[in-house]
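Here the structure is laid out as structure tokens; the discussion comes afterwards.
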Amino acid sequence: MNKILILFSILIILTIASFSLYFSLNGEIGEVKKELESKLKTYENEHFVILDNINTLYNEMNKTTSNIDSLKNRIDELEYEIRRLKTKVSQKGLTNPSMEELRRFIEEDDTDKLEYKNKTFTCLEFANTFVRNFASKGYFSCATYLIFEDGGHAIVAVNTTDLGVIYVEPQSDAIIYDLQVGDNYCEKVNWNCNWRIEKVSSCFGTKV
């Protein structure tokens, strides 16, 4: 009988201890849960603030990029106008050639035999040399600038009396009868590259 009472007493004590431990742990778990919820809410608020700041910076960056693009376009327009006026003044009195006259000049001219040198004799020097040599024969031409996504290139534009404006690659003497935005310039001159034209700018006008 005594053993039963002792076991029953122990069982009661263990039960009370278990309930006490449960309520104690449940209280601690509740505190931890509240703390985690508070930190999560703080994190969410900070996250939204960061996102808002990122969106603000992104919008400002887009506005700045748009302004830069507008300035670049304006600079291109001014540079084109300056080139056009300089060409008009420097080549006053020159005449437009026929296609046959242009062909004869190309056959005689040795601009294409010059050596390309990075930073010292580039495509622009080739174009300017061709234009000067052509002018010495009494004919009008001007450097033309092709703009690609990752760079640019200079060639020559000639307004022939019979075929209108055509283009010459002064490094190879290739004649280009039609040049449009979107064309792959390399295909026009049989070069192994991929230069997709985004803008054509010369004294005869700008294509964009």
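Tabulated values for the structure
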quantity	calculated
Complete set of residues in segment 163-208 that are within 18 Å of the chain's Cα centre (by Cα), touching a residue at least 40 places away in the same chain (Cβ under 8 Å) and surrounded by fewer than 18 Cβ atoms within 10 Å (Cβ to Cβ)	R196, E198, K199
Neighbours by Cβ (under 6 Å, 6+ apart or cross-chain): first from segment 151-162, free of Cβ contacts under 8 Å to residues at least 24 places away in the same chain and over 19 Å from R104 (Cβ atoms); second among the polar types (S, T, N, Q) and buried (at least 23 other Cβ atoms within 10 Å of the Cβ)	none
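Where a number appears in this text, it was derived from the coordinates with a stated rule and is not lab data. Bear in mind the structure is a predicted one, so any value in this text is a computation, not a measurement. Backbone-built Cβ (ideal geometry, glycine too); neighbour counts: all protein chains shown.
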